[in-house]
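Undergrad: Below: one structure in structure tokens.
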There are 2 protein chains.
Amino acid sequence: MSTIADTTRNGIDTEQLFGTLDLIKEQPELARFQFRATNRWLGGAHNRSTIKDFYAAGGEDTSRGEEFEIDAGEPAILLGTDTGPNPAEYLLPALAACLTTTLVYVAAARGVHLTEVESTLEGDMDVQGALGLSDEVRNGFERIRVSFRVAGDAPEEKLREVVERAQARSAVFDMVSHGVPVEVGLVTD
Amino acid sequence: MSTIADTTRNGIDTEQLFGTLDLIKEQPELARFQFRATNRWLGGAHNRSTIKDFYAAGGEDTSRGEEFEIDAGEPAILLGTDTGPNPAEYLLPALAACLTTTLVYVAAARGVHLTEVESTLEGDMDVQGALGLSDEVRNGFERIRVSFRVAGDAPEEKLREVVERAQARSAVFDMVSHGVPVEVGLVTD
């Protein structure tokens, strides 16, 4: 077995993972991160977000070579031209990705080799809320269902533990489940 | 003035917009929508969501020609290789896109011609929560700040009203501010 085979599990370098955890335990001030996005309206239902730099571990992180572009749109029935997923749909990949990554890292830390992680997500919405037609109906999804299929070299009970731990530690699961204070400011000049 | 110039405002066909609102007022059961995503782990911090079909207005909507693919990843400091924005970052474009689209539709409905809508978003996170190092620190962002720059053919007061109405009706702003019940299921066979 090579060194890489020894320390890498599920594609995660567990030596680096445990090293990061130890470092933050010693210097909790390194745990302050800030993530950012900018968005520009391109006409109609089309707008584009860009993501690149962020603050991490005591300084600006400029390791990313190029920015990510995220185009949003609406389907025809919601008056768009499918220039991208619609904004509410984007919440589902954010949630799926976060639960999946958390699950993969937790499994790596706990010695579970995963072979497959798939999920399907559904969000139910009564659009009377967002369209301003009812004050009785909320604007967002009433509920979100996530169904995972996970396979790996551990008994079902262990895989269940890993999925439960992922829910207990996922950043987006926390935010979508419990909400976050959002401040909105406006400049008009 | 052509007919298109008369009914299209901010790239939105307002005749179609008011027609949609009238139709749903008459038949509120058409307001039931369901949005969906599937996600697959591709190794390490890399996973990919796909979005295509959805349920809308009494039936499956198959109008989209092709599916959207959304790749997530992590930067090096979080043990990834930048295969995409990280999951928490994806919450920011979801929020920016929803506030922007809602704002643009509200402006179209209220007769405001917009010339510019831009926003910057910041989310502050203490990663001790998501990394499992502290039970005192939440996993997600502590707060999100959104700063809009909006320009159009209306006085500042009217533009402020439009931005306030967008917050009052945005699906993702509602979900991120107030939370949504999320059910997670697991299949291991």
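Undergrad: Quick one: A:PHE18 ticks every box in (1) of a type in the set (Phe, Trp, Tyr); (2) surrounded by fewer than 16 Cβ atoms within 10 Å (Cβ to Cβ); (3) at the interface with another protein chain (Cβ under 9 Å from one of its Cβ atoms) bar one, so which box is it?
TA: All conditions pass for A:PHE18, except number (3).
Undergrad: Between B:THR83, B:THR115, which is more than 18 Å from the chain's Cα centre (by Cα), more than 29 Å from B:ASN47 (Cα to Cα) and free of Cβ contacts under 8 Å to residues at least 60 places away in the same chain?
TA: Working: B:THR83 fails: more than 29 Å from B:ASN47 (Cα to Cα).
After applying the criteria, what remains is B:THR115.
Undergrad: On to the next question. Tally time: how many residues in the stretch A:73-86 are over 16 Å from B:ASP71 (Cβ atoms) and in contact with a Gly (Cβ under 9 Å, 6 or more places away or on another chain)? Before the answer, list the steps.
TA: To start, the set of residues in the stretch A:73-86 that are over 16 Å from B:ASP71 (Cβ atoms) comprises A:73-83, A:86.
Going one step further and asking which of them are in contact with a Gly (Cβ under 9 Å, 6 or more places away or on another chain), we end up with A:73-74, A:79-83, A:86.
The number of residues fulfilling the criteria is 8.
Undergrad: Considering only the stretch B:1-26, state which residues are in a helix (DSSP H, G or I), of a type in the set (A, V, I, L, M) and modelled with pLDDT of 95 or more. Reasoning before the result, please.
TA: Initially, the stretch B:1-26 is screened for residues in a helix (DSSP H, G or I), giving B:3-7, B:14-26.
Filter once more, keeping what is of a type in the set (A, V, I, L, M): B:4-5, B:17, B:21, B:23-24.
Matches in the stretch B:1-26: B:LEU17, B:LEU21, B:LEU23, B:ILE24.
Undergrad: Go through the stretch A:35-82 residue by residue and tally those that are touching a strand residue (DSSP E or B) at 6+ places or on another chain (Cβ under 8 Å), hydroxyl-bearing (Ser, Thr, Tyr) and within 21 Å of B:THR120 (Cβ to Cβ).
TA: 4
Undergrad: At least 3 residues that are within 7 Å of another protein chain (Cβ to nearest Cβ) in each: list the strands (runs of 3 or more DSSP E) lying fully within the stretch A:27-69 that qualify. I'd like the intermediate steps shown before the answer.
TA: Values: elements: A:32-43, A:46-51, A:54-56, A:59-61.
Strands (runs of 3 or more DSSP E) meeting the threshold: A:32-43, A:46-51.
Undergrad: Something else now. Just name the residue that is farthest from A:ARG149 (Cα to Cα) out of those in the stretch A:49-63 that are touching a helix residue (DSSP H, G or I) at 6+ places or on another chain (Cβ under 9 Å) and surrounded by fewer than 20 Cβ atoms within 10 Å (Cβ to Cβ). Walk me through it before giving the result.
TA: Going residue by residue through the stretch A:49-63, those that are touching a helix residue (DSSP H, G or I) at 6+ places or on another chain (Cβ under 9 Å) are A:49-51, A:54, A:56-58, A:61, A:63.
Keeping just the survivors that are surrounded by fewer than 20 Cβ atoms within 10 Å (Cβ to Cβ) gives A:50, A:57-58, A:61, A:63.
Details: A:THR50: 31, A:ALA57: 34, A:GLY58: 37, A:ASP61: 34, A:SER63: 33 Å.
Looking at the filtered set, the residue picked out is A:GLY58.
Undergrad: Further question: Residues that are touching a residue at least 12 places away in the same chain (Cβ under 8 Å), more than 19 Å from A:HIS46 (Cα to Cα) and of a type in the set (Ser, Thr, Tyr): does the stretch B:171-183 have at least one? Step through it out loud before you land on a result.
TA: Looking only at the stretch B:171-183, we keep the residues that are touching a residue at least 12 places away in the same chain (Cβ under 8 Å), and these are B:171-173, B:176.
If we keep only those that are more than 19 Å from A:HIS46 (Cα to Cα) as well, we get B:176.
After this cut, where a residue has to be of a type in the set (Ser, Thr, Tyr) as well, the list is none.
Looking for residues that are touching a residue at least 12 places away in the same chain (Cβ under 8 Å), more than 19 Å from A:HIS46 (Cα to Cα) and of a type in the set (Ser, Thr, Tyr), one finds none in the stretch B:171-183, hence no.
Undergrad: Among all residue pairs at least 6 apart or on different chains, which show Cβ distances below 6 Å where the first residue, located in the stretch B:35-64, is under 11 Å from A:VAL117 (Cβ atoms) and the second is assigned to a strand (DSSP E or B) and among the aliphatic types (A, V, I, L, M)?
TA: Within 6 Å, the pairs are B:TRP41/A:VAL117; B:ASN47/B:ALA72.
Undergrad: Which residues, counting only those in the stretch B:16-62, are acidic (Asp, Glu) and touching a Pro at 6+ places or on another chain (Cβ under 8 Å)? Give the steps one after another, and end with the answer.
TA: The initial filter retains those residues of the stretch B:16-62 that are acidic (Asp, Glu), namely B:22, B:26, B:29, B:53, B:60-61.
The answer is B:ASP61, and nothing else.
The values are calculated or read from the model by the stated rules, or taken from the named source; none is laboratory data. For clarity, every value in this text was computed on a predicted model and none was experimentally measured. Because the Cβ atoms are built from the backbone with ideal geometry, glycine has one as well, and the counts that use them run over all protein chains shown.
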